Amino acid sequence: MWQTILGLLLAVLLALLLVRHFLRAEAARRAEPERLFREAMPVLDNASAKAGETAGTYLLTGTYRGHELRVTALADTLAVRKLPGLWLMITLPGPLPISATLDLMMRPAGPTSFSNFDLLPFTLEAPSGFPAHLVVRSDKPEPPLPFDLVARHIGPLEDRRGKELLITPKGLRLVLLLAEADRARYGVFRQADFGGATVNPQMLSQGIERLLDLRQDILTWHDQQS
């Protein structure tokens, strides 16, 4: 009888510990978007941060000089033989007068959680002057924009944190590396710990300004073709 009672007590204690662990984890998950974006939220007007629909994804939305912005922080654990990365995806939505997608990726190494680069069917030859490890792909065999126009905006990709510049008829996106997982923790526990990384407001504002400059150049180029 006492063994039965003791077993029940242990089962209840274990259940309480599991519930406590779950509640703590849930509280941390809810608090993570504000912690991650706290310093960068003043960059946007009407800024709002929340957890994304998938685990390890956090979303900041707002406006910048009247333009809607969507900023996503995403932990990518798909990379093979590389440490997981925490990526900052700055998206400037809005229609553009081009007929195809142009995707510029630094050192592509297989599928990622943040891009459909591998699904684009055409690899285009990058002109001289582009970074040596930059690969360009499109959904059409010809680029939708002159490469000399694009070349004026690839500066972020020449920085060690720059990863991708995506130009589509529906908008623009710049992907930058925020942090890499702690090597020791990931090697032993396979946990992607990014050391409390936060979004730097200067990185965010500079990325937005670059996308706005690119958008304006595309609109000006299109007007000149008319």
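Summary table
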read-out: Spin-label model distance (nm) - residue 151 vs residue 39, 7 Å beyond Cα toward Cβ; value: 3.6 nm
read-out: Label-point gap, in nm, between residue 219 and residue 202 - each point 7 angstrom along Cα→Cβ; value: 2.9 nm
read-out: Charge dipole (the range 104-176, unit charges on Cβ, about Cα centre) - positive-most of 111, 149, 132; value: 111
read-out: Inter-label distance for residue 140 and residue 70, nm, one decimal - labels placed 7 Å from Cα along Cα-to-Cβ; value: 2.3 nm
read-out: Those aspartates and glutamates that a straight Cα-Cα span of less than 15 Å connects to residue 163, excepting residues fewer than 8 apart in one chain; value: 76, 103, 118, 180
read-out: Packing rank of 143-154, 202-213, where each peptide gets the mean count of other beta carbons within 10 Å, highest leading; value: 202-213, 143-154
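A short reminder: the numbers here are calculations on the coordinates, not readings from a lab. Computed from a predicted structure; not experimentally measured. Positions of Cβ are backbone-derived with ideal geometry, glycine not excepted, and every protein chain shown enters the neighbour counts.
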